[in-house]
1. I'm trying to understand the selection: among the residues of the range A:49-90, which are under 17 Å from A:A102 (Cα atoms), among the small types (G, A, S) and buried (at least 21 other Cβ atoms within 10 Å of the Cβ)?
2. Pick from A:N300, A:N310: which is outside any loop (DSSP other than H, G, I, E, B), within 9 Å of another protein chain (Cβ to nearest Cβ) and at pLDDT below 85?
3. Looking at A:A400, A:A375, A:A339, A:A355, can you tell me which residue is part of a loop (DSSP other than H, G, I, E, B) and of a type in the set (G, A, S)?
4. Would you mention how many residues in the range B:38-64 are of a type in the set (D, E, K, R) and at pLDDT 85 or above?
5. Being closer than 22 Å to C:G167 by Cα, buried (at least 21 other Cβ atoms within 10 Å of the Cβ), touching a Leu at 6+ places or on another chain (Cβ under 7 Å) and not small (G, A, S), is that true of even one residue in the range C:403-421?
6. Identify, please: which residue in the range A:269-292 is in contact with a helix residue (DSSP H, G or I) (Cβ under 6 Å, 6 or more places away or on another chain) and not in a helix (DSSP H, G or I) and is, among those, surrounded by the most Cβ atoms within 10 Å (Cβ to Cβ)?
7. In the range B:82-98, what count of residues is obtained for those that are free of Cβ contacts under 8 Å to residues at least 40 places away in the same chain, part of a loop (DSSP other than H, G, I, E, B), over 14 Å from B:L134 (Cβ atoms) and not small (G, A, S)?
8. What is the residue count in the range B:1-34 for residues that are of a type in the set (A, V, I, L, M) and within 7 Å of another protein chain (Cβ to nearest Cβ)?
Amino acid sequence: MIALTRRRPELGLLFWVAAVGITGSVAVAAAEAAGFRPQQLVIPVTFVAVAFVLHVFLAARGVRGDQLLLPLAAVLTAIGLVLVQRLASNLLLQQLSWTFIAAGAFAATILIPRDITALSRFKWTWAILGLLLLMSPLLPVVGREVNGARIWIGLGSVNFEPWEVVKILLVVFFAAYLEEFREVLAQTQRRFGPIPVPPVPYLVPIVAMWAIAMVVMVFEKDLGATLLFLGIFLAMLYLATGEAFYTLIGLALLVVGGFVAYQAFGHVAARVDVWLHPFSEEVRFDAGYQLVQGLFALGNGGLFGAGLGNGMPERIPVVWSDFVFDAFAEEVGFAGALALLALYLLFVYRGMLIALRAPTPFLQLLAAGLSFIVALQTLVIVGGNARLIPLTGITLPFVAYGGSSLVTNWMLVALLIRVSDATARVRGTP
Amino acid sequence: MEITFAVLLWGVRIAFLLLLYLFLLRAFGVLHRSLVAERAGDSATRALGVLVVERSAGHAPRVGERFSLRASTSIGRDAGNDVPLSDEAASARHAVLELRDGDWWIEDLGSTNGTLVNGTRIERAERLRFGDELAIGRIAMRIEKGAG
Amino acid sequence: MTRSIAANIRGLTLVIALAFLVTSLGVGYWTLVAGNELSTDPYNPRLVAAIRDRPRGFITDAAGTKLAESAQVGNTFKRVYADKTLAHVTGYASFQFGASGIEAAYADSLIGQDPADPLSQWRARYLRERAPPGSVVLGIDPKVQQAAVAALGNRRGAIVALDPRNGMILASASWPQYDASLISDPATEESAWKGVSEHPDRPLINRATQGLYPPGSTFKIITGAAALETGIDPNAKVRVDDPWQADRSWGSYFVRSSSRAHGDYTMADAFRLSENIYFAKIGLQIGGPKLAEYAQRFGIGSATRCDIPAARGQLSSTGQLDRPTLIADTSYGQGQILASPLQMALVAASIGMGGVMPTPHYATEVRDAEGHAIRVIAPGPSGQVIALETARALTTMLVGAVEGPGAFAFAAKIPGVRVAGKTGSAENPSGAPHGWFVGFAPAEAPTVAVAILLENTARGGEDAAPLGGRVMQAALGR
C-alpha cells in the first residue's frame, strides 16, 4: 500500500483520463443510437481498467520518477478509442486488442533490460536488427503491399509495420553511437573558418547507416517514414553536437532530395500537386478528394465543433487512420483540436525535461530522441491534414487506428519512464 | 422527450470538452509540482564529487591529480577505466564508484587484492562520505566535494 | 568546445514549440476563418447531406410545374429532374459530386432551413430536428422557355430572357444540355459524371450566365452611351471610308466596315447599319479611360450578382484600354472583350428602363412545406447606369436598328410592337463568327429583354435576330 501512495499524482490523473474516455464514448454511442445502453460502456471501461493496472504495476515495481507520461499516453489512447468507435466501429475490438498488446509491451519494456544503460552496449546489434526489420517487407512471403507502399509484414491475419519499431531502434543506436562520437569530437575539433571539420572516419558509419535506411524506404515507397528518419537523424546529430552547420547541410540535402524525388517519382509529384492545388478541377475529385474532404471537415468544426457524433467525417476516405485529426476537429472544433495539440506538446515537453535531467549523455540523447519522434510524427501528420505540408502516410501517435504504431509508442513511453526512473535513482529524488 | 435527449446529448459533448481541458490543467499542475520537487531534491543532495590522488606508485596517476566523478566511475588497471591505476596490485577492472540515491558508493568488482576504505577492507559495497580515503594497492585517493 | 547536450535539448524544444504554434495557427485558419467559404462550396457533401436521407423540396417554374423533386428508392432519396432544358439552372444534387445551380444556391431552403427562418437552422444543428422541406419557385415562364428552347434548337449557344422591370429571368436555354437526373442518381452518377465532365463541348456550363464571348457589335450600345454622355453630338455626320486607320503608326491594322461603306454617318445610321468605322472613330474621341469607365458601369468585367454564380468577363486583358488600336477595336465590339449573354441582356434591359439596370435572379420565392411564401426574392435594381435622356435617345436608335431601312436586325421585328435591338457578329479565332442579338420590347415600356448567342454560326447576328423576335413575342403574349 505504501508503494501505491508513492504515485498519487499519477493515480489522480488517471481518474480524469477515465472521465474523458467514458464521456467521449457515451457521447458518440448515444448520438449514433439515439439512446443510451450500458453495454456501450464496456470498451472504454476495459481500457481504463488496463490503464489502472499499469499504474499499479509501476507502483508495485517501485518505479520512480515521472508520473505524467502514463496518464498522457492513456488519455490519448482513450481519445483514440472514442474516435475508432465513431469512425470505424467494426475495428474497435481490434484496436482494443492492440491496446492489450501495447500494455504488455509497455510492461515488458519496463522490466527488460534490468539496466537501461545496457542498451548502449549493443548499438551495432540494434543497427543491424533495425535494418533487417526495415527490409523485411521486401521479403517474398511475409511482405505485403498495401496502397502502393510495401511497408507491411503479415503473419496470418495480423499486419505489422516494422518501421515503427525501427525508428526506436535507430534512436537507441544513434544515442549510443553519438555519445562516443561526442567525446571524439570534443578532442579533435577542428574548424575551417566557420565550418566545422568533422572527424570523418567516425562520421562515416552513422551516415552510412542512415543512407541505407533511406534507400530501403525509397524502395518501399514510404514517403512519410523517409521524412521521419531524416528528421530523427538530423535532430540526433544536432542534439549531440550542437553544430547548426550539420543541420543546415542536412536540410539542404532534404530540399535537394525532395526536388529529385519530385522529378523522379510520380507518386511524390502527385502528393505535391494535391498539396498545392487541392481545389482545382482536375485534382479535387481524384487524387485530392481525401484532402478536400478533410478540409471541409475542418471548416465545419468552427470553434466548438459540430458535436461528437454530429459531423460527417465518414465522407473522408480512410478517415480512421489517415485523417483522425480532421475528424476530431470537425466534431470538437478548434477548441478541442487545440487541446489535443496541447496534450502532445505537453508529452514532448515532459520527455525533453526528462532528457535534460538524465545522468549520462546516452540517456539524455535517448530521451530527447524519443520525445522528438513523437513531436515530429505529430507535426507531420497534423501539418498534412491541415494542408501545411503535403500528405504523408504517417499516423497520429496513440490516437489513430493502427496496432504497430500503438504498441511501439507505448514502448517508447516505457523507455522514457525508465530514463526518468534511472535519473531519480541517481539523484535520490522520488 | 426528443428535446430532453438532445439537450442531454449536448451536455455530454460539452462535458467532454471541459474534461479534456481540466485534464490538461491538472497535468500542468502535476508537472509544475514535480519540477519543484525535483529541484528541491537536487539541492538537497550535494552530489558533485571529485577523487583527489594523495599517494601513488608511479606516474599514473600523479599525486594531486583530480578525477571528476560521474554517475558511475570505473577504477582499475585497464586503460579503459575512468580512473586508470598503473599498480600491479590493482585488477584490470577493480572497482566502481557510483552515485546512488544522492550518496556515493564504492563497489569492489571482485578484485584480487581488495579495496580499502579508511584502512578497512570492504566486503562488497560501502557508502562513502566526503573526506573518506580509498586505497587500492599503493595508491590512495580521497573523495571530496566539488567539480574538479 | 562543443555545446552541452542540455543546451541543444533546450534549442530543439524551442523549435518544436514554434512548430506547434505554427501548426495550431494553420488549423485555426481552416476551422475558424475558412469555415464559411468551405461550407458554401457546392461540392461540400455537408451541403448535399440532406439529399440521400430525406426528401428535399421542389423546384418549380412560375406556373407551378415541378422541375425537380425527390424520389424514394428504398430507404434513401434521389433527385429527379423533369425538364432537361433547365438542367443548367436547377443544377444537380449528387452525394459524390456535390450540387450546382439552384440546388446548391438554395440548398438550405430546400431542406426547410431557409435563412429567413433562423430558428429552423438552430433547431437543425443543435436539436437534430428535421424540418419539412420547403420549395423554391423560379421565374421561368413555361411558354417563353419553350419558345427559347425551340428557337435555339441544337445549336451551341444560349438564350436568356428577363423582365427588365424586376430582373426576373423568364427563360434560360443553354446548349448542349445534359441530364441532371443521371448525375443525381447514385446508380448512374459516376458514369454520367465522367461523360459530361469530359465531353469536349462542356455541357455542364450554363452558357447563359457562365459562357464568355466577345460581344461583337452589341457592345456598340455601350460605346454609344459613353459617346452621348461625353457630349458627342449623335447627329453630327462622321465620314466613313473603308478601310480606315487613324494614322500610319497603326501599321497594317485597319478598321473594316461590314458593308464596305463610304459616306457620312450619324449615330442612328451607324446603329442601323452596324458601322464599325463610325464607332471606332468616336471611340477614340471618347478616349480609353472614359470608355473603360462606361463598360464598368454596365457591368463588363464584374461578377454579375445573380442567385447562381455568373461569370465575370473582362473589358481587356489588363482591364484598361491603353493603345489606340485597342480602343478602336473595343469600340466596335472586338478587342479583348468577354461578356456573358446575361450581362448583355442586362445592358439591353438598362437601356429599356431609362438607364436603370435590374438585378437578375432565377428564383422568385421560397415557400415552406404548406406552400406559404416565407421569402420573396426581389432584389432592387443595381443602379442608374446612364441618364434617362441618354437611354431614351439610344432606345430610339435601337428601334431604328430593327425597323429602319436596311436595318441589320430586321428579322427581330414583331408585328404590332416596336422592338429595339442590336445584332452582333463577333469574330473569333475558331472559324465562323458568334452570332448575337440583344433587344427589348415594347420599346416605350419594355416587359422583356433578351440576349441570343449562337456559337460559330455562318451569318452571325443575322442568324440570331429572328430568334430574338420569336422569344420576345412569346414573352409579350403573357
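1. Passing the criteria: A:A51, A:A73, A:A74, A:A78, A:G80.
2. It is A:N300.
3. A:A400
4. Looking only at that region, the number is 2.
5. no
6. It comes out as A:G288.
7. Residues flagged as free of Cβ contacts under 8 Å to residues at least 40 places away in the same chain, part of a loop (DSSP other than H, G, I, E, B), over 14 Å from B:L134 (Cβ atoms) and not small (G, A, S) within the range B:82-98 amount to 1.
8. Residues that pass the stated criteria total 13.
The values are calculated or read from the model by the stated rules, or taken from the named source; none is laboratory data. In this text the structure is predicted, and so the values were computed from the model without any measurement. Note: ideal-geometry Cβ built from the backbone for every residue, glycine included; neighbour counts use all protein chains shown.
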